[in-house]
Amino acid sequence: MKYNTKSSITLPKEELKLVEQLKAKLKAKSKVDIVRRGLKLLKEQTDRDSLKEAYKKASSITKKSLEKEMKELEHLTEEGLDDQ
């Protein structure tokens, strides 16, 4: 059973030069390894950005209710303390 699929892409000279420079610098076995690493990093960054956006949205949703609850409990902050 064959797992890999052949594919071919054409890059502008500058981008091919960059791939070759990275291949040498990172001591990668092939140009395909460089493309794979780039795709993996891009996916990780995209996933991280999505997660950050989800946390930001959740935070803004809960912020209003948290402020309300904190206000309701504010009177308890000095409860049980003697005046000195």
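Each value in this text was obtained by applying a stated rule to the coordinates, not by laboratory testing. A quick note: this is a predicted structure, and the numbers were derived from the prediction, not measured. Cβ coordinates were reconstructed from backbone atoms using ideal geometry, including for glycine residues, and neighbour counts include every protein chain displayed.
Numbers below:
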quantity: Amide H within-cut-off set for ALA28, under 5 Å, with H built and near neighbours excluded; calculated: none
quantity: Whole-Hz ³J(HN,Hα) from phi, Karplus 6.51 cos²θ - 1.76 cosθ + 1.60, for the stretch 12-22, glycine and proline x; calculated: x, 3, 5, 6, 5, 4, 4, 4, 5, 5, 5
quantity: Calculated [θ] (222 nm, deg cm²/dmol) that DSSP helices of n ≥ 4 give over the chain, each run adding -39,500 (n - 2.57); calculated: -24500 deg cm²/dmol
quantity: Dipole of the stretch 13-73, positive end: most advanced residue of VAL35, GLN21, MET70 [Cβ charges, Cα centre]; calculated: GLN21
quantity: Paired Rg and Dmax values of the chain, which use every Cα atom, in angstrom; calculated: 26.9, 82
quantity: Cβ charges +1 (Lys, Arg) and -1 (Asp, Glu), total dipole of the stretch 13-73, debye; calculated: 340 debye
quantity: Degrees between helix 31-73 axis and first principal axis of the chain (Cα, 0 to 90, nearest 10); calculated: 10 degrees
